[in-house]
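*Asks:* My structure is below; once you've seen it, I'll send some questions.
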Amino acid sequence: MIQGYRTLTVRLPFLFHLSFRYFLLGFALVAAGCSTPTSLELKDIAKSDIDMVADLHIEVTRSLVIELTEKLYKRNPRELNKKPGATIYSRLNELKHNGPLKFTELNMKQGIEAMDLALSPDFKGDRVFALMAGLIDILRHSYGYRDELFVLDDLDQQKLYICARNIEILMWRLKQARDENGELLIYTNATGAEINLSFERLFGKLIAHQDMMARIMADKTQRAINKVAHSIVSMTFIPL
């Protein structure tokens, strides 16, 4: 009898917290149908702690890719000049499109195919645009093309993990991809008299965010991450 009383005592706060949370969720869903300013704030009630963490990761990732795009264009101004009248702002604006990123100038290639195109010696278009269109697409793909998550949403931990590995592969290939004259196709880090490793830091942050979210989602869904082994000899991008 005492044991049963203790069990009930322990569970009551949890049950109350759970019931109250679902009450708030239901209230938020009803309020969401209203057009008042208050309903915009109540959407956060329909989010779990993990959803809020995922939203923060999405926001930080978006900021990182904007910074990376700007730096790549400043480091490779010849790529921006390949499209008459283009500016860094106009190119960034094109990359803000919701959903999968497909562009005629990239032969409608997206994701890892767009990144492959950027690193192809035969490609004559804007390599920075192709690279970032592909990178942004795999990042958004790994988040299910969502800008924010709610309590019933789940992410695929495997896609988040594979996306991180593709960024690692991209870092290596950027250092290797050269034209027929031996010149790098896309300039990033600078060494020698002037050392600039800011690109490596940005890519590293993106990898860390993807790996962290992959682990969080694996813990939440209790699904294991299938680790992928890739060698430097065959550094091909991995389909998500």
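Bear in mind these aren't lab numbers, they're just calculated from the coordinates by the rules spelled out. These numbers were taken from a predicted model, which means no experiment stands behind them. Cβ placement follows ideal geometry from the backbone for every residue including glycine, while neighbour counts extend to all protein chains displayed.
*Asks:* Could you please report the charge total around Ile88, scoring K, R as +1 and D, E as -1 over all other residues with beta-carbon less than 9 angstrom from its beta-carbon?
*Replies:* Result for the neighbourhood of Ile88: +1.
*Asks:* Starting from 0.36 nm per residue, how many nanometres of slack lie between Trp172 and Asp147 once their C-alpha separation is accounted for? Can you show the working numbers first?
*Replies:* Details: separation 25, 0.36 × 25 = 9.00 nm, distance 2.89 nm.
That pair, Trp172 and Asp147, stretches by 6.1 nm at full extension.
*Asks:* So for Lys227, Lys220, fewest C-beta neighbours within 10 Å to most, what's the order? Don't jump to the answer; show the numbers that get you there.
*Replies:* Numbers: Lys227 7, Lys220 15.
So the residues, fewest neighbours to most, are Lys227, Lys220.
*Asks:* Here's a follow-up. Within the set Lys124/Lys205; Lys74/Lys175; Lys82/Lys205; Lys124/Lys175; Lys124/Lys227; Lys96/Lys227, which residue pairs have Cα atoms separated by over 27 Å?
*Replies:* Values: Lys124/Lys205 30 Å; Lys74/Lys175 18 Å; Lys82/Lys205 29 Å; Lys124/Lys175 19 Å; Lys124/Lys227 36 Å; Lys96/Lys227 31 Å.
Exceeds cut-off: Lys124/Lys205; Lys82/Lys205; Lys124/Lys227; Lys96/Lys227.
*Asks:* Right, next: Using the per-residue mean of other Cβ atoms lying within 10 Å as a proxy for protection, in what order, highest first, do the peptides 108-120, 76-88 fall?
*Replies:* Details: 108-120: 20.2, 76-88: 13.5.
Result, highest mean first: 108-120, 76-88.
*Asks:* Follow-up. At a 10 angstrom cut-off on C-beta neighbours, averaged per residue, how do the peptides 121-134, 54-67 rank from highest to lowest? Don't skip to the answer; put the middle values down first.
*Replies:* Working: 121-134: 20.0, 54-67: 16.4.
Result, highest mean Cβ count within 10 Å first: 121-134, 54-67.
*Asks:* Can you tell me how much longer the chain between Ala224 and Glu105 gets when fully stretched, taken as 0.36 nm per residue apart minus their C-alpha distance, in nm with one decimal? Intermediate results must be reported in sequence, preceding the final value.
*Replies:* Numbers: separation 119, 0.36 × 119 = 42.84 nm, distance 3.88 nm.
Extra length available between Ala224 and Glu105 comes to 39.0 nm.
*Asks:* Asp154 to Asp122: extension gain in nm, 0.36 nm per residue of separation minus the Cα-Cα distance? Working shown, then result.
*Replies:* Numbers: separation 32, 0.36 × 32 = 11.52 nm, distance 3.98 nm.
Taking 0.36 nm per residue and subtracting the Cα distance, the gain is 7.5 nm.
*Asks:* I need Tyr161, Tyr145, Tyr89, Tyr187 ordered by Cβ neighbour count within 10 Å, fewest first.
*Replies:* Details: Tyr161 24, Tyr145 11, Tyr89 8, Tyr187 16.
Lowest count first: Tyr89, Tyr145, Tyr187, Tyr161.
*Asks:* At a Cα cut-off below 18 Å, give the lysines reachable from Lys220, other chains included and same-chain residues fewer than 8 away excluded.
*Replies:* Counting by Cα, and skipping residues close in sequence, Lys220 has these lysines nearby: Lys47, Lys159.
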